[in-house]
Amino acid sequence: MKGTRTLEELLERHKMPKRPRWDAERPLYYVQPTPPKDCGPWKMNRWFPTVNSICEPLLGHSVRDRATGKIDGVRYPPMAAKYRMYREALELVAVTGNRSELLTIAVYRRNVSLGNLELDKLLVALGDRFADTPWELIQVRMPHGTWVEAQCMLRANEARAVLIAAQ
């Protein structure tokens, strides 16, 4: 991986003419097919994919034996493709600001690799942007014994201490 990028650099990328793969597949805006009766003019809606649609290849696909037709095994994408898919999903959540997709991204973190500090730092920075990030739920989904699991546990304990002090 060439250099580390901060979350702000990833967000700055969307202001450039070149858009990421998930952003280039569809037109930038689409118009609702029928105008709403109470709103007057048509609204322009921004289309965004889901994290599941971007990260689905991380789960692999089954390979069938040609002779017997039975499932022979599971084929996973190469490591560079896994990093690219996960980074695109992180960019998607950074652009949309959808907190529920953050938990979905945490589920796919185990399928990328055991330790990639660059992706982990981006995930933690992304979680810090949201005020009420459920760090306990994210920590459970992280690979055991990694830096990102320790950071999630630390932030969960800090949030718990603030909550107790407020009472």
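Can you pull out the residues in the range 85-97 that are surrounded by 15 or more Cβ atoms within 10 Å (Cβ to Cβ) and either at positive phi or not aliphatic (A, V, I, L, M) (or both)?
Scanning the range 85-97 gives Tyr86, Arg87, Glu88, Glu91.
Taking only the range 42-97 into account, find how many residues are part of a helix (DSSP H, G or I) and among the basic types (Lys, Arg).
3
Could you pull out the residue among Ala159, Ala165 that is part of a helix (DSSP H, G or I) and either free of Cβ contacts under 8 Å to residues at least 12 places away in the same chain or closer than 25 Å to Ala80 by Cα (or both)?
Testing whether each residue is part of a helix (DSSP H, G or I) and either free of Cβ contacts under 8 Å to residues at least 12 places away in the same chain or closer than 25 Å to Ala80 by Cα (or both) leaves just Ala165.
Looking at (1) more than 12 Å from the chain's Cα centre (by Cα); (2) within 26 Å of Val162 (Cα to Cα), can you tell me which one Glu101 breaks?
(1)
Can you say whether Lys121 is over 25 Å from Arg160 (Cα atoms), among the basic types (Lys, Arg) and assigned to a helix (DSSP H, G or I), as far as the supplied structure shows?
Values: over 25 Å from Arg160 (Cα atoms): no; among the basic types (Lys, Arg): yes; assigned to a helix (DSSP H, G or I): yes.
No: the conditions fail for Lys121.
Just checking, which of Ala80, Ala94 is in contact (Cβ under 8 Å) with a residue 60 or more places away in the chain and among the small types (Gly, Ala, Ser)?
Values: Ala80 fails: in contact (Cβ under 8 Å) with a residue 60 or more places away in the chain.
Being in contact (Cβ under 8 Å) with a residue 60 or more places away in the chain and among the small types (Gly, Ala, Ser) holds for just one of Ala80, Ala94, which is Ala94.
Is one or more of the residues making up the range 138-148 over 13 Å from the mean Cα position of the chain (by Cα) and buried (at least 20 other Cβ atoms within 10 Å of the Cβ)?
yes
Quick note: the coordinates plus some simple rules give every number you see, no bench work behind them. All values reported here derive from a predicted model rather than from experimental measurement. Neighbour counts are summed over all protein chains in view; Cβ atoms, including those assigned to glycine, are modelled from backbone coordinates with ideal geometry.
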